[in-house]
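To start, the structure under review is shown below, and the notes come after it.
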């Protein structure tokens with residue numbers, strides 16, 4: 001593996017800013033709520049900050065304070081962050097992001113997990129933290145055709161065992177990271193000894209069974225009606241979407257930020273009171289400076305091709321100890337515990353009163369504590 005430093009040419013940054021500055025807002029209707037999609041007034045506010053105050057070089061310097069590496073694994077070149085814990089007995093933990101996120105999601109939790117005492121957390125446990133960029137996202141190369149989360153888990157297992165030479169490890173994730181972590185626990189349990197997930201993506205081939213589960217499914221389908229558009233498009237015709245987004249930074253930002261608004265526990269009814277605007281723009285920039293928006297959507301197509309959400313097609317479940325962190329504004333509402341127990345060996349189940357889909361950004365302290373609590377539980 002090779003040390004890697006992010007160093008984007010100033011011409012690329014200038015070109016992006018010029019395109020943002022030249023966007024013709026007059027051609028958009030003045031829809032200043034979120035009912036039809038991304039709020040025009042909020043997007044204008046974000047873009048004005050992007051043009052006038054956002055400093056990519058400053059943010060790039062912050063990102064480079066983490067240790068970045070790249071390595072060839074089979075047909076792909078994988079980018080990852082690798083931060084060692086302060087203890088010689090640090091536990092290896094691979095944390096996986098999803099779409100429309102990136103490794104930037106975890107910048108608030110990496111320090112506390114690798115050096116918990118410094119941040120006021122229980123220091124009886126610390127971690128070696130590994131955060132890969134999903135193939136086709138940011139600085140990881142894209143496959144020649146879409147890969148789904150199960151296939152991606154094979155690369156992550158090789159990263160942990162063959163590249164980093166760990167004899168065992170644990171996995172954590174939300175969004176696609178929850179699916180990848182699930183497959184690590186399912187297919188690679190000889191190495192992956194436990195998982196912590198803050199999303200329930202996987203499904204039982206036998207469907208719902210109790211009245212409680214049936215009620216959940218009915219409500220879930222209603223909740224998802226207005227969320228199916230992006231998912232169906234990215235799972236069926238991602239290349240068509242790519243034509244709209246190519247050389248269109250405002251379009252990419254609008255597509256992504258609408259999800260950050262819709263999937264989060266929004267404070268004061270404001271996206272910008274919930275998230276730091278620099279973090280929102282930097283996350284978008286990681287798609288733009290690497291020209292990876294198109295291939296980032298391929299994982300939806302890849303999941304459909306490799307069999308969808310069903311995990312227990314052969315009647316098996318994830319048998320490694322599993323922790324479930326339930327945040328109330330999660331995009332995919334969790335099924336009842338009885339359903340999840342059929343797919344995972346659940347040893348920890350915590351329901352929180354605040355937080356949403358991007359837990360590591362929204363409620364980092366709650367997520368950190370839940371991860372530490374899980375490891376304290378399973379080490380007994």
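The values are calculated or read from the model by the stated rules, or taken from the named source; none is laboratory data. Since the model is a prediction, treat every value here as computed from it, not as a measurement. Cβ: placed from backbone, ideal geometry, glycine included. Neighbour counts: every protein chain shown.
See the values below:
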{"item": "Top-ranked residue in region 178-190 [being surrounded by fewer than 19 Cβ atoms within 10 Å (Cβ to Cβ) and free of Cβ contacts under 8 Å to residues at least 60 places away in the same chain; ranked as farthest from residue 336 (Cα to Cα)]", "result": "190"}
{"item": "Lone unmet requirement of (1) part of a strand (DSSP E or B); (2) within 23 Å of residue 315 (Cα to Cα) for residue 186", "result": "(1)"}
{"item": "Among the residues listed as 302, 355, 315, the single one being within 21 Å of the chain's Cα centre (by Cα) and on the phi > 0 side of the Ramachandran plot", "result": "355"}
{"item": "Sole residue being in a loop (DSSP other than H, G, I, E, B) and buried (at least 24 other Cβ atoms within 10 Å of the Cβ), chosen from 134, 125", "result": "134"}
{"item": "Selection count where residues are under 20 Å from residue 58 (Cα atoms), assigned to a loop (DSSP other than H, G, I, E, B) and touching a residue at least 12 places away in the same chain (Cβ under 8 Å), scope region 1-20", "result": "4"}
{"item": "Helices (runs of 4 or more DSSP H) completely within region 21-116 that count 3 or more residues being within 24 Å of the chain's Cα centre (by Cα) and under 21 Å from residue 3 (Cβ atoms)", "result": "56-63, 107-114"}
{"item": "Residue 141 at pLDDT below 95 and assigned to a loop (DSSP other than H, G, I, E, B)", "result": "no"}
{"item": "Failed criterion for residue 206 (all others in (1) out of contact with any helix residue (DSSP H, G or I) (no Cβ under 9 Å at 6 or more places or on another chain); (2) in a helix (DSSP H, G or I); (3) exposed (fewer than 13 other Cβ atoms within 10 Å of the Cβ) hold)", "result": "(2)"}
{"item": "Every pair of residues 6+ apart whose Cβ atoms lie under 7 Å, when the first sits in region 207-226 and is more than 13 Å from residue 334 (Cα to Cα) while the second is assigned to a helix (DSSP H, G or I)", "result": "210/338"}
{"item": "Positions within region 209-230 being over 20 Å from residue 313 (Cα atoms), surrounded by 12 or more Cβ atoms within 10 Å (Cβ to Cβ) and touching a helix residue (DSSP H, G or I) at 6+ places or on another chain (Cβ under 9 Å), in sequence order", "result": "212, 216, 224, 227, 230"}
{"item": "Candidate set: region 156-177, residues that are outside any helix (DSSP H, G or I) and touching a helix residue (DSSP H, G or I) at 6+ places or on another chain (Cβ under 7 Å); chosen: the one surrounded by the fewest Cβ atoms within 10 Å (Cβ to Cβ)", "result": "166"}
{"item": "Test for residue 257: is it crowded, with 18+ Cβ neighbours inside 10 Å, under 30 Å from residue 126 (Cβ atoms) and touching a residue at least 12 places away in the same chain (Cβ under 8 Å)", "result": "no"}
